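Trainee: Can you read through this structure? Questions will come right after.
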Amino acid sequence: MLTYSLDYESKWWLPVPAAFPTPEGLGLEEWARSTAATSNISAAWVDSPLAAQLPELLAAQVYGLDPGRSGALWYCPYGLPAAGVAQLFITERADDDLLSPAEEIAALPSFVAVRPLEVRAAGLGAGVGYSRIVGDDEDGPTVAELGYVFTPPGARVAVIARSGDADSIGLMAPELWALVDSIVLERA
C-alpha cells in the first residue's frame, strides 16, 4: 500500500479529512462546526449574517470533493470559506502501464486547449503540469483547474486544484507547486 507525506503552510492550506468519521471520531457536521469555530474566517464573513451558515457551507464543500481522493486541502488565502481545493489521487500501477502523463492529460475535455508542461518534483520526479477550464454541457458553472500528474515506479500521482474563480487558481499556483514539490511516497 502506498502512503504519502507532504508539507504545507497553514496560512494557505487547511487539510480536509479523507473520510468521516475522522480518526478522532468526528462526523462531518461536527468537524465542520469545529473547523468553523477554530479557523481563520474571511473578513467578508466575520460580521455577515451568513456567518452562522459557515459550518453548513463547509460540509457542502466536503460533499463536493471526489470520494476517491487520497487527500485534500482547501486553499484559504483569506480564511474560510475556501477559495479553492487541491485534491490528491495516489494509486498503484503496473510498471508496464505505458500511458504517459502527457497522453492522459491530452485526452482531458476542456473549453481551452490543454497544453502539457514538463515538470520535475523533488519527491516524485518527472511529470506533467497543465491548466484548463472545464464546465458542463448545459451552461453550468465553469471551473478553473491546475493539475500535475506523475508516474513514479509503481504509482500514479495526480494533484488537481480547482476553483470557480480563475484568479484564485492563479494566486494558488506557487503555493500549489510548493505542496506538490514536497510530496514523498512510501510503501507501507
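The values are calculated or read from the model by the stated rules, or taken from the named source; none is laboratory data. Not measured: the values here are computed from a predicted model. No Cβ is skipped: glycine too gets one built from the backbone with ideal geometry, and neighbour counts run over all protein chains shown. In case anyone asks, the SASA skips ligands and DNA or RNA and just uses the protein heavy atoms, side chains included. Shrake-Rupley method; radii C 1.70, N 1.55, O 1.52, S 1.80 Å.
Trainee: About the Cα centre, and with charges only on the beta carbon of Lys, Arg (+1) and Asp, Glu (-1), how big is the dipole of the chain? Nearest 20 debye, please. Could the numbers behind the result be given before it?
Mentor: Working: 10 positive and 25 negative charges, 73 e Å.
Charge dipole, the chain, about its Cα centre: 360 debye, nearest 20.
Trainee: For the stretch 1-101, what percent of Cα pairs sit more than 20 Å apart? Please list the in-between numbers first.
Mentor: Details: 2252 of 5050 pairs.
Result: 45 percent of Cα pairs exceed 20 Å.
Trainee: In addition: Express in nm, to one decimal, how much length is gained between residue 56 and residue 9 on full extension, taking 0.36 nm for each residue of separation and deducting their alpha carbon distance. Kindly include the intermediate steps, with their values, before the conclusion.
Mentor: Values: separation 47, 0.36 × 47 = 16.92 nm, distance 2.52 nm.
That pair, residue 56 and residue 9, stretches by 14.4 nm at full extension.
Trainee: Can you give the accessible area per residue of the chain, in Å², using a 1.4 Å probe? Kindly include the intermediate steps, with their values, before the conclusion.
Mentor: On the way: 10140 Å² over 188 residues.
Per-residue value: 54 Å².
Trainee: Per the 1.4 Å probe, what fraction of the accessible area of the chain, in percent, lies on carbon and sulfur atoms?
Mentor: Numbers: 5570 of 10140 Å².
Summing carbon and sulfur atoms, their accessible area is 55 percent of the total for the chain.
Trainee: Right, next: What's the percent breakdown of Cα-Cα distances in the chain across 10 Å bins, shortest bin first?
Mentor: 9, 34, 36, 18, 3, 0
Trainee: Further, regarding this structure: What number, rounded to the nearest 500 deg cm²/dmol, is the helix-based mean residue ellipticity at 222 nm of the chain, given -39500 (n - 2.57) per DSSP H run of at least four residues and division by all its residues? If you can, show how the numbers build up before the last one.
Mentor: Working: 5 runs with 47 residues, N = 188.
One gets -7000 deg cm²/dmol as the mean residue ellipticity at 222 nm.
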